[in-house]
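Below is one structure, written out as structure tokens; the observations come after it.
Quick note: the coordinates plus some simple rules give every number you see, no bench work behind them. In this text the structure is predicted, and so the values were computed from the model without any measurement. Neighbour counts run over all protein chains shown; Cβ positions are idealised from the backbone, glycine included.
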Amino acid sequence: METVLPLPPPVLIPVQGLTAGFPVRRIYCVGRNYADHAREMGGDPHREPPFFFGKPWDAAVPGGGMIAYPPATADLHHEVELVVALAQGGRDIPVAAALERVFGYAVGLDLTRRDLQARAKEKGQPWEMAKGFDQSAPLSALAPVAAIGHPASGAIWLSVNGAERQRGDLDQMTWSVAEIIAHLSCLVALAPGDLIFTGTPAGVGALHKGDRVRCGIEGVGELEIRVS
Ligand code: MN
């Protein structure tokens, strides 16, 4: 069928070592997946099953770079996260069969309007506008599983203007990548092109105009953004 409007352009994530890009379908995020971050947000890391929220697919910013300070907030926060990119989807995926669906991994930032999130929590309202705003999901090029395997441990860190703010290790994740995929696939049908942000370690904090943010995950890659 002809379209009454031009189709939106796809969002393509570069892949290390390839010229072809990875087309983004949906972006899912896991809340509170590192015990120390759950504690700093006032939660109990031991009792809460994984919970999920989403961002629009076109919130992805492949490769990072310049990010405009978003409107309607005075408290933009950084959250560095391991991002899982799916090559295959499915429903009710068993934990033991989850990792074979993964295409690769990236370093991502779950940018958050913390003041809007706090207000939403207080009023029992959705997190959508706190989490799913324009340019809220910068991520690095994907490292394919074929090149790096499945990282289960390794440093995850973030610095702002050269000062370290976040540091953790992938082995501190409450729910593993395989468990996250399995849980999420019981709620929605996953599909090729889906990205899953897997939660952040402690040390989240505010960003300001002009800040230069560098973050990385050992064995996966690095990402840099500048807040303009
Ligand atoms: Mn997050």
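Restricting the calculation to Cα atoms, every distinct pair contributes to the Kirkwood radius of segment 113-228, found to be 16.3 Å. Springs between Cα atoms under 10 Å define the GNM used for the chain, and in it the highest mean-square fluctuation of Gly203, Gly21, Gly42 occurs at Gly42. Report, in whole Å, the centroid distance computed from the Cα atoms of segment 136-165 and segment 1-52. Centre-to-centre distance over Cα atoms comes out at 14 Å.
FRET efficiency for the pair Glu2 and Arg25, taken as 1/(1 + (r/R0)^6) with r the Cβ-Cβ distance and R0 = 35 Å, rounds to 0.90. If only the Cβ of Lys and Arg carry +1 and only the Cβ of Asp and Glu carry -1, the dipole of the chain around its Cα centre is close to 360 debye.
Judged by the mean number of other Cβ atoms found within 10 Å, the most tightly packed of the peptides 151-161, 137-147 leads the ranking 137-147, 151-161. Here the alpha carbons of segment 12-227 define both size measures, Rg and Dmax, at 15.9, 47 Å. By the rule of a C-alpha distance below 28 Å, with chain neighbours fewer than 8 residues away ignored, the lysines paired with Lys209 are Lys55, Lys121, Lys131.
Considering only the Cα atoms of segment 1-130, their convex hull presents on average a projected area of 11.9 nm².
Under the criterion of Cα pairs below 8 Å and six or more residues apart, the relative contact order for segment 95-228 equals 30 percent.
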